[in-house]
Amino acid sequence: MRPIVVTGASGFIGRLLIPALARTGYIVRAVSRRSVPLPPSSEPVIVPDFTTGTDWRPILAGCEAVVHLGGLAHGKETADRAFDIINRRVTTQLADAAAATGVPRFIFISSIRAQSGPSARRILTEADDPMPTNAYGRSKLAAEMALRSTGVPFTIFRPVVVYGPGVKGNLHVLVRIALSPWPLPLAAFRNRRSMLAIDNLISAVCFALDSPATLGETYVLADEVPISVAELMSILRSNVGRPPGLFAVPPKLLEAALSVLGQRELWQRLGGELIVDAAKLRTAGWKPTIDTATGLQALTQNLHPPIHC
């Protein structure tokens, strides 16, 4: 049995990644701020407050790898300093401890926001210079840079928005809107956005754990085919047996209304394009396990099928 440390065990990704790793034979040391249900072979590690200077060395002792999911998600009311402490400083402390204890592999789940704003005028790849536009993205990029300086063997992933059963945040709100009975003014929204099924993120992590070619590399991560907002809403409604119920409102009209309300970034998420090409990771040998339509079906039906590495 192979010990592995996973931080952020209580989060959306952690709750699905840990059972997948356990099924492949890992003993998962699941680090979180509170107790969470775990597979029998996992070991809970409670760290109530990452900001107080955690001694990571006993937690990392003898482990084969670290998957660092823990961090502070983006939000309007969060201070820049809080992002820096949780996303950069804690990552640095964990990576320093991993280097000192000889951990052979450190996988860091960063974010596409370390590379771009909420929309981009061209298809994003790893060759593009990182240009984060908010404190969250800047803190993730700073964490990446700090990780590279520690000397621990690393792989960095920059995923786009991740979806799957139990997803929270903005995507959860969007799903609730899609599943409402009301007509939606989104028929004219043909801008495409990349998304990432939780199954595909987990398969990428498992691929990196077993692939020496990914060491020292940074990868953007997304499903293969981006979809438009109108397509997304239509698929979600079709999955529950409803017609699309979309009607056209000029996007410029909605853009103007949201700008007046101070919701410019919301408009960029809704009306802007964000297409990410994960060809670099596919060329290394990774293959997505499901397509977007299949992943969205699990999302709308709130299915929790076992995800395998």
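Quick one: angle between helix 169-178 and the longest Cα principal axis of the chain, in degrees between 0 and 90, rounded to 10, please. Here the helix axis deviates by roughly 30 degrees.
Arrange the following residues from fewest to most other Cβ atoms within 10 Å of their Cβ: Arg122, Arg192.
Lowest count first: Arg122, Arg192.
Modelled this way, with points 7 Å down the Cα-to-C-beta line, the labels at Lys168 and Asp49 are 2.0 nm from one another.
The shape of the stretch 1-74 comes out oblate: with a ≥ b ≥ c from the C-alpha gyration tensor, a/c is at least 1.5 while a/b does not beat b/c.
Of all DSSP beta bridges confined to the chain, the antiparallel ones make up roughly 5%.
Can you compute the helix-only [θ] at 222 nm over the chain? Use -39500 (n - 2.57) per DSSP H run of at least 4 residues, normalise by all residues, nearest 500 deg cm²/dmol. If you can, show how the numbers build up before the last one.
Working: 12 runs with 113 residues, N = 309.
Helix contribution divided over all residues of the chain: -10500 deg cm²/dmol.
Could you put Trp182, Trp56 in order, starting from the residue whose Cβ has the fewest other Cβ atoms within 10 Å? If you can, show how the numbers build up before the last one.
Details: Trp182 6, Trp56 25.
Arranged by neighbour count, lowest to highest, Trp182, Trp56 become Trp182, Trp56.
For the stretch 207-222, 3J(HN,Hα) computed residue by residue from phi via the Karplus equation (6.51, -1.76, 1.60; θ = phi - 60°) reads 4, 5, 4, 10, 10, x, 5, 8, 5, x, 10, 10, 10, 6, 9, 7 Hz, glycine and proline entered as x.
Counting only alpha carbon atoms, the long axis of helix 12-23 and the longest principal axis of the chain meet at about 50°. Mean separation of Cα pairs under 8 Å and 6 or more residues apart, divided by the residue count, gives the chain a relative contact order of 19 percent. Counting every other Cβ atom within 10 Å of each residue's Cβ, Phe207, Phe83 order from fewest to most as Phe207, Phe83. Lysine pair count for the chain (Cα-Cα distance under 30 Å; residues 8 or more apart in sequence or on different chains): 9.
Bear in mind that the values in this text are calculations on the coordinates, not laboratory data. Just so it is clear, the model here is predicted, and its values are computed rather than measured. When we count neighbours, we look across all protein chains shown, and the Cβ atoms used for this are built from the backbone with ideal geometry, even at glycine.
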